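A.B. asks: Got a structure here, written out as C-alpha cells. Questions coming.
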Amino acid sequence: MIEDILSENIVLLVAALFVIIVIFKGVRIVSQSEKHVVERFGRLHSVLGPGINFVVPFLDVVRHKISILERQLPTASQDAITKDNVLVQVDTSVFYRITEPEKTVYRIRDVDGAITTTVAGIVRAQIGKMDLDEVQANRAHLIETIKNSVEDAVDDWGIEVTRAEILDVNLDQQTRQAMLQQLNAERARRAQVTEAEGQKRAVELHADAELYEAEQQAKARRISADAEAYATQVVAQAIKENGIEAAQYQVALKQVEALNALGNGDGKQTIVLPASALEAFGDAFKLLKGGS
C-alpha cells in the first residue's frame, strides 16, 4: 500500500515536472532589443519578435539571439589613390543595424568583416573618380555616395546602414609639403594682386583728383569770363543809353584807382606826371564829382 502511494507520488511529480518543462520550453520571452531565430529540425522556422512568444517544445529550438540595436564598426583606415594620382589614407566609420536576422545568420558569417571590406572597396572606387581638391571640398557628397553604395551591397544580408562617416583624409609627407608650398605660393600671389589693385586704385584716385581740380579751374575761368562778359555788356549798355559820358566816367574811375594805388606806396618813390596827365586827372575828378 505504501509502495503504491509512493509510486503514484513519483508519477505525479514526474508529470508535474514534465509540464513545467513543457511550459518552460514552449514559452519564449524576447526583450525589446532582440530577435530570436527559431529552427525546427535544423531548418529556419520563424523569427520571434519582442514580447511573449509560443513555440512547440522539443521541436522548435531558439538557435540565434540577434541584437537589433544600432552598431558601430571600429574605425578602419584604407589607402586610396585619387584621380590626380595622390595617395591618401581615409579613416571611415560605419553604423548599421540588423533588420532581418534570418538573412544575416544564414547568408553571411562575419558581418563586421564583410561590411568593413565592402566599405573599403567602395571608398577606393569613389575616391578614384575624384581629384584631391574634390575629395576635400565634397566630403558630404562623398559620404552620402558611400552610404548608398554600402546599403545596396549589404541589402541581401538583412542589414540597414544608418550612417557612414569619413573621419579624416590623411596625406603622405611629400604631398603635404607640396600642398604647403602651393598654398604659400597662392598666398603670395594674392598678396601681389592685392598690392597691385591698391596701387591701381591709388593712381585712379590721383587721376580723379587732378581731373576734379582741372574741372574746378575751368569752371572758375568760365565764371570769371562770364563775369567779365557781363561787365562788358553792362558798360556797353550804359554807353548805349548814356552816351559818351558813361565811357568817360569809367575811364575817370580807372584813373582814380590807379592814383590811389600809387598813393598807397611806402612814400619813397617819385612820381613824375606830364601836364596832360594832370589835366586828365582833373577831368576825371570832375566827372567823378558830377557822377556822384
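A.B. asks: If R0 is 35 Å, what FRET efficiency do you get for Ser31 and Glu134 from their C-beta distance, rounded to 0.05?
C.D. replies: The pair Ser31/Glu134 has a calculated efficiency of 0.15.
A.B. asks: Can you list residues from other chains, or at least 5 along the same chain, whose modelled amide H is less than 5 Å from the amide H of Glu34?
C.D. replies: Those qualifying (amide H under 5 Å, at least 5 residues apart or on another chain) are Ile68.
A.B. asks: Compute the signed sum of charges (Lys and Arg +1, Asp and Glu -1) over the other residues within less than 14 Å, Cβ to Cβ, of Ala207.
C.D. replies: Spelling it out: positives minus negatives among the neighbours equals -3.
A.B. asks: A further question on this structure: Counting other beta carbons within 10 Å of each residue's own, what order do Ser149, Ser33, Ser67 fall into, fewest first?
C.D. replies: In increasing order of surrounding Cβ atoms, one gets Ser33, Ser67, Ser149.
A.B. asks: Compute the separation of the alpha-carbon centres of the stretch 130-202 and the stretch 6-21 and state it in Å as a whole number.
C.D. replies: 74 Å
A.B. asks: In this model, which of Lys83/Lys200; Lys129/Lys200; Lys35/Lys129; Lys103/Lys147 are farther than 31 Å apart at the alpha-carbon?
C.D. replies: From Lys83/Lys200; Lys129/Lys200; Lys35/Lys129; Lys103/Lys147, over 31 Å: Lys83/Lys200; Lys129/Lys200; Lys35/Lys129.
A.B. asks: While we're on this one: Which of rounded, prolate, oblate describes the stretch 2-67, given a ≥ b ≥ c as roots of the alpha-carbon gyration tensor eigenvalues and a/c under 1.5 marking rounded, otherwise prolate only if a/b is larger than b/c?
C.D. replies: prolate
A.B. asks: Points 7 angstrom from Cα along the Cβ direction at Leu17 and Asp91: gap in nanometres?
C.D. replies: Those two pseudo-labels are separated by 5.9 nm.
A.B. asks: Still on this structure, I have one more. Sum up the charges of everything whose Cβ sits under 12 Å from the Cβ of Pro74, counting Lys and Arg as +1 and Asp and Glu as -1, but leave Pro74 out.
C.D. replies: -1
A.B. asks: Counting only residues 5 or more places away or on other chains, whose amide H sits under 5 Å from the amide H of Asp131 once H atoms are built in the peptide plane?
C.D. replies: Residues meeting the amide H criterion: Lys83.
A.B. asks: Based on the Cβ-Cβ distance of Phe24 and Thr162, what FRET efficiency does E = 1/(1 + (r/R0)^6) give at R0 = 45 Å, to the nearest 0.05? Can you show the working numbers first?
C.D. replies: Values: r = 36 Å, r/R0 = 0.81.
Efficiency computed from Cβ-Cβ geometry: 0.80.
We did not get these values from a lab; they are worked out from the coordinates using the rules stated. This is a predicted model, so every value here is computed, not measured. Virtual Cβ from ideal backbone geometry, glycine too; neighbours counted across all protein chains shown.
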